[in-house]
Structure formats: structure tokens, C-alpha cells
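Following: one structure in C-alpha cells, then a few remarks.
The values are calculated or read from the model by the stated rules, or taken from the named source; none is laboratory data. Please read all numbers here as calculations on a predicted model, not as lab measurements. Cβ: placed from backbone, ideal geometry, glycine included. Neighbour counts: every protein chain shown. Only protein heavy atoms, including side chains, enter the accessible area calculation; ligands, DNA and RNA are left aside. Shrake-Rupley method; radii C 1.70, N 1.55, O 1.52, S 1.80 Å.
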Amino acid sequence: MKKFQSFTTVIFLLSLFFISSCSDDDSGPSTKKVRYIYFPVSVNDGADANQAGFYRINTDDFQIERLAVNSVSNTTGVGSSSVIIFEYDNGIESKLWAKCEDGSLIPVPLPNPEAGYEKVEYSMPPNVSLSADGHHAAYFVNKIPDGATEMKDYMPSMVVLDCSQGLNYITVDLKQFLIDNFPDIDVEGGQAWGEYIVQNENGSKIWFSVRALNYSWSGQIRYGLVSWTKEDGLKLESQVLTGEVKIWGYNHLTKELLVTHLDTANGGITVAKNFDDGFLTYITLNKDNLSGPDQIAVKRSEMAIINETGIELFHPDNGNYLSTVITFDKIDPNSEYIHDDGQLITMSPDAQVIVFALTDNTQDRDRTLFMVNRDGTGLKILAQGYKMGIPVISDEFEVEQ
């Protein structure tokens, strides 16, 4: 691990941004409570340049704000400090940007190349991760050595950002760790694997899946689940010798990871499992129900999913049962939408509100964004005609009247 040697003006501003966003001030005018819903729109999903961008809706007046005008494909959840990070598509020099509800946009910079490395590049997926408190972020990069011509020469590394007290970066190099922990295949390289990195609420522990490779031997691949803490560094939590494993979310109450595993021993099917204490255990959830970490509420052991009949809650710590929120005959009485076109759904951190998008049953295949309370009341259309990605919703914040 190596601390960055200097702080640029951008980093200094980013530090102020993360810290000031959660400062308390009891004085001033009266306040009201509001939630924020964000969604990305990407040219990769068929949007044109006039629509692509990053959008926000507040639950006070439900006006749609276009916060960024370039193509955006991914976003984190909204931290309790009101910070959110989003990812531009290709063509933008700084792909990751942080944003607060006050409208500030600050780039999340790449580390500078160290001696012996000519450049540093983003490695996505996995997508950037933000802790629930909004003070800790993690993302992956490849450090490219001088004169490197093959991927096996790259140094895959995780960048860990801590903004709880000032701004601190560390980089965590993966290559030697993979070599040490997968000795049976003579590892030449590897990478973080899957769509998501997850972390606990205060960012003190991070989990991700890895793929170790031997480029010279056909089929020599190993998968594993890895954790990182500042005190203990990298740890191989579980080695999966056959079949890829991917992380999809983290249950903050049960301390379990939600993963999928390609189970080659049972016909090559991909199944959803919980991971805890070194063991992968089957759960009664279809892999097609998985969208991302923000499906799982931070403050309750519940997960919002789209099923054949409508919107449901999955209860992983109480018998793995499903309960109905609202059915499609109430959401879509006129059959205007496609019900099985992906899991574009997330749940607020307090588990009170669900947002989801359905694809229009038209040739344009635009998407419509909905909001509904956990008890099925308050169904509302928030936006129509966007080729949006996965939406996210915040907790309630107090803002000035």
C-alpha cells in the first residue's frame, strides 16, 4: 500500500466537499424533509446526446434536473452525508465525479503514476463503491508499467478514499496477493471481477471478487471472494475453484454478502447465494432478481425486487420469504410496459420507499420511472421517455423551506 505524496487543488476541494456536505448547523430558517432520486442516461442504452446525462428528482416538487450533460452509465447509492458518485462513459478525462445535494460537482481524481509506471487507467467494472455514510469510496485501476505491451504486465490496484477527516488515499496492489493465494496455476495476472464492490456502512471493510489468470495456459482461471481492511490488508475469504463468483450486495444487518456463483457441479447454472463466515449458502432467490447493492436497504434486512407478479420485498434473515408491495395489475392496468426487461429497482436506506423503472411496450423502448411506498401506497410516475439505467433513492434530508 502506498499513500499519495501530494494533494492537488482538486483533491483539496473534494475533501472540503465530502466534509462540508455532512456538517451540522442548528441555526437558520425552518426546514422540510425531502428525498432525492437520481438516474443515469447513457448512449450505451440507446439515448441520443441531447438526452444523455445525470438526472435528479426531489420529492418536494418532483421537478427533473439534468445535472450533467455527458453520457452517464453508473451511479452509487446516496450516502447519508448526501454525497453521490457517478461515472461518465468513455470520452471524459475524469470518469468519476462526486456530487452533493447543493449542486457542487467535483471530479474524483486518478492517482498519479509512480516511478516505473507510465500511466494509470480506470478499471471498470467493477463500478465505484460509496459507503453508506458517504465518507469512503473505492474503485479499481490498472497501473501500466513503462513499456508494457501485454495485460499480464499491468498492476491491478484498488484505490481507497477516506474523507472522514481530511482527504486520504491509499492504493492496494492486487497482483502479488493473487500470486500468493492461487499458487496452483502460476498466476501471471488478474483483476477484480464482477459489477460491484461493496463495503460496510463506515467503509472500514471492503469486499470484492477476483479472477486470477494464467495467460499462457488455456482455461487456468481461479475465482475468489476477497476482503480488505486498513488493519489487516487483503484477505482471501473464500476460494472458488470452479465457476465465476460475483458480488451483488451487502446486508448491513446480517453481515452477509449477496453473490452469484456459476455452479459447474450442478449443470452449470448460476445461482444466488449468501456468503458469511467462509461459506456460500443457497437462498431462495432467482439470479434474475438481482440489480445491485442499492436493492438492499441499509437500515433493514430487506431487498426490493421485480417479480413476475409485481414489486416484492425479499426478507433474507427471516425465512427468505417474499411479501408483496404492489402488483402489476395496479402498476400497469393497460399493459403499457414490459415487466421482465431487467431489474431496474432500488430501495431507500430506511426501507420506506422503492423506485423502479419499466421499459415501455413501444418500438422506442424508452423507460418510465416509478416510486411507491413499501406498503404499496403512493404509486407515482416520476419520469417518462428516458433510456435510463438503474435509479437510486436517498434517505430523507432536511432542507430549507
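Provide Rg over Rh for the range 157-303; use the alpha carbon set for both Rg and the Kirkwood Rh (inverse mean inverse pair distance).
Computed over Cα atoms, the ratio is 0.97.
Could you order 65, 87 so the one with the most accessible surface comes first? Probe is 1.4 Å.
65, 87
If the viscosity is 1.306 mPa s and the temperature 10 °C, what translational diffusion coefficient in µm²/s does Stokes-Einstein give for the range 305-369 when Rh comes from Kirkwood over Cα pairs?
125
How big is D, in µm² s⁻¹, for the range 225-282 by Stokes-Einstein at 4 °C and 1.567 mPa s if Rh is the Kirkwood radius over C-alpha pairs?
Value of D from the Cα-based Kirkwood radius: 107 µm²/s.
Rounded to the nearest 20 debye, what is the charge dipole size of the range 213-335 about its Cα centre when +1 sits on each Lys and Arg Cβ and -1 on each Asp and Glu Cβ?
260
Based on alpha-carbon centroids, what's the gap between the range 278-327 and the range 54-89 in Å, whole number please?
24
Using 1/(1 + (r/R0)^6) with R0 = 45 angstrom and r between the beta carbons of residue 324 and residue 231, what's the FRET efficiency to the nearest 0.05?
That pair, residue 324 with residue 231, gives E of 0.55.
Can you sort 237, 231, 121 by 1.4 Å-probe accessible area, starting with the largest?
231, 121, 237
Quick check for you: with a 1.4 Å probe and neighbouring chains kept, what is the accessible area per residue of the chain, in Å²?
Value for the chain: 44 Å² per residue.
Select from 245, 72, 271 the residue whose mean-square fluctuation is largest in a Gaussian network model of the chain (Cα-Cα springs shorter than 10 Å).
Looking only at 245, 72, 271, the biggest GNM fluctuation is shown by 271.
Which value results for Rg/Rh of the chain when Rg is the Cα radius of gyration and Rh the Kirkwood radius based on the inverse mean 1/r?
Rg divided by Rh gives 0.96.
Going through the cross-link list 32/330; 205/246; 119/175; 175/273, which pairs have a Cα-Cα distance over 23 Å in this structure?
Correct reply: 32/330; 175/273.
Could you work out the equivalent-ellipsoid semi-axes for the range 139-213, taking the square root of 5 times each eigenvalue of the Cα gyration tensor, largest first, in whole Å?
In descending order, the three semi-axes are 25, 16, 10 Å.
What net charge do the residues around residue 310 carry, taking every other residue with its C-beta under 14 Å from that of residue 310, with Lys and Arg at +1 and Asp and Glu at -1?
In short, -4.
Counting only the heavy atoms of the protein chains, how much of residue 248 is accessible to a 1.4 Å probe, in Å² to the nearest 10?
So the heavy atoms of residue 248 present about 40 Å² to solvent.
Over the Cα atoms of the range 185-265, compute the convex hull volume and normalise it per residue, giving Å³.
99
For the chain, which whole percent of the accessible surface, found with a 1.4 angstrom probe, sits on carbon and sulfur atoms?
Heavy-atom surface of the chain belonging to carbon and sulfur, 1.4 Å probe: 45 percent.
Hey, got the dipole for the chain? About the Cα centre, +1 on K and R Cβ, -1 on D and E Cβ, debye to the nearest 20?
340
Using DSSP to call loops (not H, G, I, E or B), can you name the GluC sites (Glu not before Pro) in the range 297-401 whose Cβ has at most 15 other Cβ atoms within 10 angstrom?
Listed in order of number, the matching sites are 308, 336.
Considering only protein heavy atoms, with the full assembly of protein chains and a 1.4 angstrom probe, order 56, 365, 374 by accessible area, largest first.
365, 374, 56
Distance check, please: which entries in 143/299; 255/287; 299/380; 99/387; 33/99; 33/95 exceed 26 angstrom between their Cα atoms?
The answer is 143/299; 33/95.
Over the range 345-401, with a single point scatterer placed on each C-alpha, what log10 of the ratio I(q)/I(0) does the Debye formula yield at q = 0.22, 0.28, 0.30 1/Å?
Each listed q corresponds, in turn, to -0.86, -1.10, -1.17.
What FRET efficiency, computed as 1/(1 + (r/R0)^6) with R0 = 22 Å and r the Cβ-Cβ distance, is obtained for residue 279 and residue 179, rounded to the nearest 0.05?
The value I calculate is 0.30.
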